[in-house]
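The values are calculated or read from the model by the stated rules, or taken from the named source; none is laboratory data. Computed from a prediction, not measured in an experiment: that's the story for all the values here. Note: ideal-geometry Cβ built from the backbone for every residue, glycine included; neighbour counts use all protein chains shown.
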Amino acid sequence: MSAARSLLSESGISATNMIDIADRAQVSRASLYNHFRDKHEVFVALVETEVERIATLALVAQSRAEALYMISREISGHEGIRTAIARDGDLMAAALTARDHKVWVEIYAQLSKVFATDVVGVGLVLRWLMGQVTAPLSEEHSREQANRIASIL
């Protein structure tokens, strides 16, 4: 996953292939293909890993505001997201609007667990975070908005 993450940050999804991923991960191509059908499956697994990593960090936050701020900073500062938006805008647009994909189900479940709120609260958080994929926030704005949303939750 770290090889895929670094390639995504450097080149984006379209410019990366399974050979690049196998070479960077220092595994055989056959081994990579035993686990993943294609690069899109690798990147879905990467997204799932990132969602779990960020949710774990948010779960240990001292407050809802801190959890929101931490997630905001992870998204706004994520090089892979920034590169994917710049180089693979059509793929990112499709991913951001595919509401029934298993990744979105996992994101929703993780946000529900972190914030222990109803569907409206999770929807508010999710929409706020999605906006940061295409328009990252500064640290100051992340903090301000996180506090505001936490007070609403």
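Filter the range 33-76 for residues that are among the polar types (S, T, N, Q) and closer than 20 Å to Q132 by Cβ; which is surrounded by the most Cβ atoms within 10 Å (Cβ to Cβ)?
Our first condition is that a residue be among the polar types (S, T, N, Q); within the range 33-76, this holds for 34, 49, 56, 62-63, 72, 76.
Those still in the list that are closer than 20 Å to Q132 by Cβ too: 49, 56, 63, 72, 76.
Numbers: T49: 14, T56: 11, S63: 11, S72: 23, S76: 19.
For the range 33-76, the residue satisfying everything is S72.
The condition of being in contact with a Leu (Cβ under 9 Å, 6 or more places away or on another chain), modelled with pLDDT of 90 or more, among the hydroxyl-bearing types (S, T, Y) and more than 19 Å from M1 (Cα to Cα) does not hold for S112.
Determine if the range 78-91 includes at least one residue that is modelled with pLDDT of 90 or more and either within 16 Å of the chain's Cα centre (by Cα) or closer than 24 Å to S2 by Cα (or both).
Scanning the range 78-91 turns up no residue that is modelled with pLDDT of 90 or more and either within 16 Å of the chain's Cα centre (by Cα) or closer than 24 Å to S2 by Cα (or both).
How about the range 11-26: which of its residues are aliphatic (A, V, I, L, M) and either exposed (fewer than 15 other Cβ atoms within 10 Å of the Cβ) or touching an Asp or Glu at 6+ places or on another chain (Cβ under 9 Å) (or both)?
Initially, the range 11-26 is screened for residues aliphatic (A, V, I, L, M), giving 13, 15, 18-19, 21-22, 25.
Passing the criteria: I13, A15, M18, I19.
If a residue has to be under 17 Å from the mean Cα position of the chain (by Cα) and either over 11 Å from A4 (Cα atoms) or of a type in the set (D, E) (or both) to count, how many in the range 28-43 make the cut? Within the range 28-43, residues that are under 17 Å from the mean Cα position of the chain (by Cα) and either over 11 Å from A4 (Cα atoms) or of a type in the set (D, E) (or both) number 1.
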